[in-house]
Every structure is written in C-alpha cells, then in structure tokens.
Amino acid sequence: MFRWLDDVRRREALNKPFPAEWRGILRRMVTHYAWLDTGEAARLEQLVQVFVAEKKFEGCNGLEITDEIRVVVAAEACLLIMGLPHDLYRRLATILVYPSTVFTPPERPGVFIRSPLFEQEQIAISGQAFARGPVILVWDAVKRGARHPETGHNVVYHEFAHLLDMLDGVADGAPPLHSRSQYRTWAAVFSEEFQRLRNDSEQGKKTFLDPYGATNEAEFFAVATEFFFDKPIEMQKDHRALYDVLAGYYMQDTAERERRSLETLEQ
Ligand SMILES: [Zn+2]
C-alpha cells in the first residue's frame with residue numbers, strides 16, 4: 001500500500017494551515033464538499049493542499065490560472081481517492097486548463113484515404129486524460145459540474161476515474177482492486193450493467209447513466225463514477241449492485257452522505 005505522506009515535501013506542504021479563502025472557494029463552488037462530515041472535510045483539505053503544491057496547472061488559450069481553478073480541480077480529483085490506498089496520482093505532473101470547449105481534429109487518416117470530410121470533423125471535448133499525463137480540462141465544464149451534481153456530469157471525476165483505471169496499465173474499465181473476490185464481483189456486475197446500458201440506449205430508452213458510458217468499458221467506469229459521486233441516492237435505488245461495487249472500491253458511502261446533507265437541509 002502507498003503511504004502518500006511518507007514524502008517529505010508533501011508533509012512540508014501541510015505545515016501551513018488550510019487557507020480560509022480556499023475553504024470559501026470549496027463552500028461556494030463544490031456542492032459535494034458541503035455533503036462531507038467534519039472528518040471527511042479535513043481529510044480532503046489535506047489532500048487538496050498537497051495536490052495544489054505538487055501539480056502544475058497550465059492555462060491554455062489565454063486562461064489565467066487562479067486559486068479557484070486549482071482548488072476546485074484538486075478537491076474533485078482528491079475526492080475520488082479519499083478512501084483509497086493511493087499515491088496522489090504520482091504519474092500526473094501537469095493539468096492543462098482551457099477556458100471553454102476544445103475542438104480536437106480527429107486522428108489523421110492515412111494519406112491515401114484522406115477525404116474532405118475528415119477535414120471538417122471536429123470532436124468537441126470537455127476533458128481528456130493520458131496515462132502518464134497531462135489531464136486536459138475545460139474550466140466552464142468543471143465549474144458547472146462542481147456546482148450541479150444533479151446533472152450527473154462531472155468532467156473532473158470522469159477524467160480522474162480514467163487515471164485510476166489506467167493505474168494497472170490498461171484502460172479496461174477496472175482499476176486495481178483490493179481483492180480477488182472483488183474482481184469477480186466487479187466483472188459480473190459491470191458486464192451486466194454495461195450490456196444493459198448498451199441495449200437500452202440502442203433501443204432509445206431513457207437511461208439513468210449517460211449513454212456515453214455505452215461507448216466501451218473504460219467510458220462506462222468513468223461515467224458510472226460521475227453518477228456515483230453526483231447522484232448516489234438515485235444510483236443506489238435503481239442500480240443497487242453497481243452502487244455497492246463502486247462503494248466497495250472507492251470505500252466511500254456517497255448515498256449516506258447525500259442523505260445526511262438532505263436531512264441537514266430539512267432541519
Ligand atoms: Zn472518457
């Protein structure tokens with residue numbers, strides 16, 4: 001198991017108290033932060049502090065990097081690993097942030113099959129992750145996702161779930177798990193849920209998970225992660241087995257957390 005605080009520089013980053021302005025940013029911009037209890041919030045803040053000290057943020061297309069950007073991205077990336085044995089995404093050094101939607105040219109076709117059609121096709125992306133970095137994020141989408149979990153879309157959860165998936169070298173929809181029996185359950189539950197999403201979306205049925213998750217197993221895990229952190233009560237109700245497998249992996253009970261926050265609101 002990794003011991004992320006064994007690193008001297010990481011411990012040094014924690015010598016200073018967590019900045020009050022950063023807490024203000026979290027309260028204002030990250031809805032999930034308000035769902036955490038005191039202990040969870042303290043643990044997340046520690047991770048955020050080290051993450052911000054360690055990772056390089058680069059603004060692209062004229063975007064100036066601010067504390068808001070650093071803290072919101074760090075909080076959501078670290079929320080995923082809060083319950084896991086982890087090494088704070090050690091292979092990730094740089095996060096590139098664009099102000100709004102990026103259009104990437106599709107992979108260049110070979111010289112001989114070049115057609116005018118390819119020239120026009122552009123794919124709109126709000127994020128992208130590579131096994132050895134960087135992670136690319138679009139700030140507009142990050143902000144929206146952090147404030148509005150009810151949409152089920154969160155580009156930071158999505159891209160960082162891809163990084164966790166790729167920790168074992170392959171993007172196959174299964175990150176390194178904790179035991180052999182967990183792999184067995186994971187395979188059974190995930191293939192059933194993946195097929196179900198595929199069939200439902202092919203038939204044009206309305207689905208709880210975003211149909212984009214039917215693209216392949218890696219996208220399925222990333223999309224399921226978004227919903228696990230964004231709409232856990234609903235996931236637990238409609239996709240119990242999937243919820244349980246993810247709760248077992250992330251070692252977090254997000255549904256309980258959301259329920260608690262709703263009770264606090266009612267009081
Ligand atoms: Zn993806």
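The values are calculated or read from the model by the stated rules, or taken from the named source; none is laboratory data. Values in this document were obtained by computation on a predicted structure and should not be read as measured data. Neighbour counts are summed over all protein chains in view; Cβ atoms, including those assigned to glycine, are modelled from backbone coordinates with ideal geometry. Please note that ligands, DNA and RNA were not included when accessible areas were found on the heavy atoms of the full protein model with its side chains. Shrake-Rupley method; radii C 1.70, N 1.55, O 1.52, S 1.80 Å.
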At q = 0.08, 0.09, 0.10, 0.15 Å⁻¹, what base-10 log of I(q)/I(0) does the Debye formula yield for the chain when every alpha carbon is treated as an equal point scatterer in vacuo? -0.33, -0.42, -0.52, -1.18
What percent do you get for the relative contact order of the chain when only Cα pairs under 8 Å and 6+ apart count? 17 percent
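Calculate how many DSSP beta bridges within the chain are antiparallel, expressed in % of all such bridges and rounded to the nearest 5.
Details: 6 of 14 bridges.
That works out to approximately 45 percent antiparallel.
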Spatially proximal aspartates and glutamates relative to residue 206 (Cα-Cα < 17 Å; intrachain offsets below 8 disregarded): 150, 193, 234, 238
Normalised by the number of residues in segment 123-267, what is the relative contact order in percent for Cα pairs under 8 Å and 6+ residues apart? 21 percent
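May I ask you to give the percent of accessible area on the chain that is carbon plus sulfur, with a probe radius of 1.4 Å? List each step's numbers first, then the result.
Details: 7260 of 13980 Å².
Here it works out to 52 percent.
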With a 10 Å cut-off between alpha carbons and a GNM built on the chain, which of 182, 203, 128 moves the most? 203
Bins of 5 Å, beginning at zero and ending with the bin holding the largest distance: percent of Cα pairs per bin for segment 136-267, please. 2, 11, 19, 24, 21, 14, 7, 2, 1, 0
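Find, among the trypsin sites (Lys or Arg not before Pro) in segment 161-267, those assigned to loop by DSSP (not H, G, I, E, B) with at most 11 other beta-carbon atoms within 10 angstrom. Write down the numbers at each step before the final one.
Values: sites: 180, 184, 196, 198, 205, 206, 237, 240, 257, 259, 260; in loops: 205, 206.
Within segment 161-267, the qualifying trypsin sites (Lys or Arg not before Pro) (loop, at most 11 other Cβ atoms within 10 Å) are 205, 206.
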Please work out the average accessible area per residue across segment 210-251, using the 1.4 Å probe convention, and give it in Å². 33 Å²
Between the DSSP loop rule and a limit of at most 11 other Cβ atoms within 10 Å, which GluC sites (Glu not before Pro) in segment 1-89 are left? 64
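Mind checking the per residue accessible area of segment 1-92 for me, 1.4 Å probe, whole number of Å²? Could the numbers behind the result be given before it?
Values: 4650 Å² over 92 residues.
With the other protein chains kept in place, segment 1-92 gives 51 Å² per residue.
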